[in-house]
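Heads up, the thing below is written out as structure tokens.
Any read-out appearing in this document is the output of simple, stated calculations on the displayed coordinates, not a laboratory observation. Since we're looking at a predicted model, the values are computed, not measured. No Cβ is skipped: glycine too gets one built from the backbone with ideal geometry, and neighbour counts run over all protein chains shown.
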Amino acid sequence: YHVRSAPVATAEGERPVFMLVFRDVSEGRRIDRMRSDFVANASHELRTPLASLRGYIETLQGPAKNDTKAQERFLPIMLDQATRMSRLVDDLMSLSRLEVRAHLPPDQTVSLGPLLEHVRDSLLPLAGDLDVSIELHLPQEPVDVIGDHDELVEVFENLIENACKYGAEGKVVDVWLKPVAPRGAEVSVVDHGPGIPAEHVPRLTERFYRVSVADSRSKKGTGLGLAIVKHILTRHRARLIVKSEVGKGTTFTVRF
Ligand code: ADP
């Protein structure tokens, strides 16, 4: 609490009276702490690939100057590190753009069927690399919601990409679109992969949260994807529902 005292006007000769004002600042403190944790995390995530890039550059300038074998080995790794940093910076920018727009409600009419087809098509190369097929199940009638087209593309790209990356063992990712009376809609992204242990589920949308060290080593990602999804959905007054069973798979449902 912040405490302030202020004198209260009293008649002459009376004993002075003071008013104490207690202001609860814990929410502000919490946000400040989150912000500084965020900056620390982001800096750490950028510092790791940067340090590694510097190491490689120094080696290529020094001991491996004329070693073409070393150059062939190091350059793809360096490109990978640079790509990882670009991805991180893109995600950080998405988050900060979203924070700026958080109070503006989206106002476009978005047709979810064509949007999901577009997202599926854009993910075909990734799905092909991972040997996963994305199956889209659309209803006969068009399903429209009020939203921001590009932001919703980002939401479903994230969810379907995650299903391909982390649920890939199932080989099929099913995407269902269903209208919900009277003017709502539901999109479910279902994978048949390893699932997520229950204790991790509530924390998935935290910034930089990744379920396992193995994921962060072997799967490309920043840990910011679901944080971005959550931000966008909050702005759309839509809910993200996660159901997962270890050994069976995971379903991420967006309910508008
Ligand atoms: P990123 O994919 O960049 O790591 P996300 O915020 O999108 O970050 O996801 C956070 C973590 O949640 C992932 O690192 C992964 O461990 C876990 N995860 C997300 N989707 C799935 C899924 N469909 N199946 C299993 N784990 C998942």
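Mean separation of Cα pairs under 8 Å and 6+ residues apart, divided by the residue count of the chain: what relative contact order is that in percent? Before the final figure, lay out the partial values.
Working: 364 pairs, mean separation 39.6, N = 256.
Relative contact order, the chain: 15 percent.
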Worksheet entry | the stretch 97-238 - charge dipole about Cα centre, Lys and Arg +1 at Cβ, Asp and Glu -1, debye rounded to 20 | 540
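Please sort 87-99, 65-77 by packing, taking for each peptide the average over its residues of neighbouring beta carbons within 10 angstrom, highest first.
The peptides rank, most packed first, as 87-99, 65-77.
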Discussion item. If I build a Gaussian network model for the chain, linking alpha-carbon pairs within less than 10 angstrom, which residue out of Asp144, Asp24, Asp174 has the largest mean-square fluctuation?
Written reply: Asp24
Fill in: Between the stretch 142-156 and the stretch 64-126, the alpha-carbon center distance in angstrom
19
Discussion item. Suppose we take every Cα in the chain and form the convex hull; what volume per residue is that in Å³?
Written reply: 212
Worksheet entry | Charge sum, other residues only, whose C-beta stays under 12 Å from Leu46's C-beta, Lys/Arg counted +1 and Asp/Glu -1 | +1
Discussion item. What FRET efficiency comes out for Ile77 versus Glu245 if R0 is 41 angstrom and r is the Cβ-Cβ distance? Round to the nearest 0.05.
Written reply: 0.65
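Using just the helices of the chain, give the 222 nm mean residue ellipticity in deg cm²/dmol: DSSP H runs with n ≥ 4 each add -39,500 (n - 2.57), and the total is spread over all residues, rounded to 500.
-17000 deg cm²/dmol
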Worksheet item: If amide H atoms are built 1.01 Å from N in the plane of the peptide, which residues on other chains or at least 5 residues away come under 5 Å of the amide H of Leu136?
Response: Val175
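Determine the sum of side-chain charges near Pro7: Lys and Arg each +1, Asp and Glu each -1, restricted to other residues whose C-beta is under 14 angstrom from that of Pro7. Please list the in-between numbers first.
Numbers: positive: Arg4, Arg15; negative: Glu12, Glu14.
Neighbourhood net charge equals 0.
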Discussion item. Once you place label points 7 Å from the Cα toward the Cβ at Lys220 and His200, how far apart are they in nm?
Written reply: 2.0
Worksheet item: Can you tell which of Ala198, Ala64, Ala238 shows the greatest fluctuation in a Gaussian network model of the chain with Cα springs below 10 Å?
Response: Ala64
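Antiparallel as a % of all DSSP beta bridges within the chain, to the nearest 5?
On the way: 32 of 37 bridges.
Of all bridge pairs located within the chain, approximately 85 percent are antiparallel.
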Discussion item. If I take every Cα pair under 8 Å that is 6 or more residues apart in the stretch 1-150, average their sequence separation and divide by the length, what percent do I get for the relative contact order?
Written reply: 16
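What is the sum of charges, Lys and Arg at +1 and Asp and Glu at -1, for the other residues whose Cβ falls under 15 Å from the Cβ of Ala181?
On the way: positive: Lys178, Arg183, Arg255; negative: Glu141, Asp144, Glu186.
Cβ neighbours under 15 Å give a net charge of 0.
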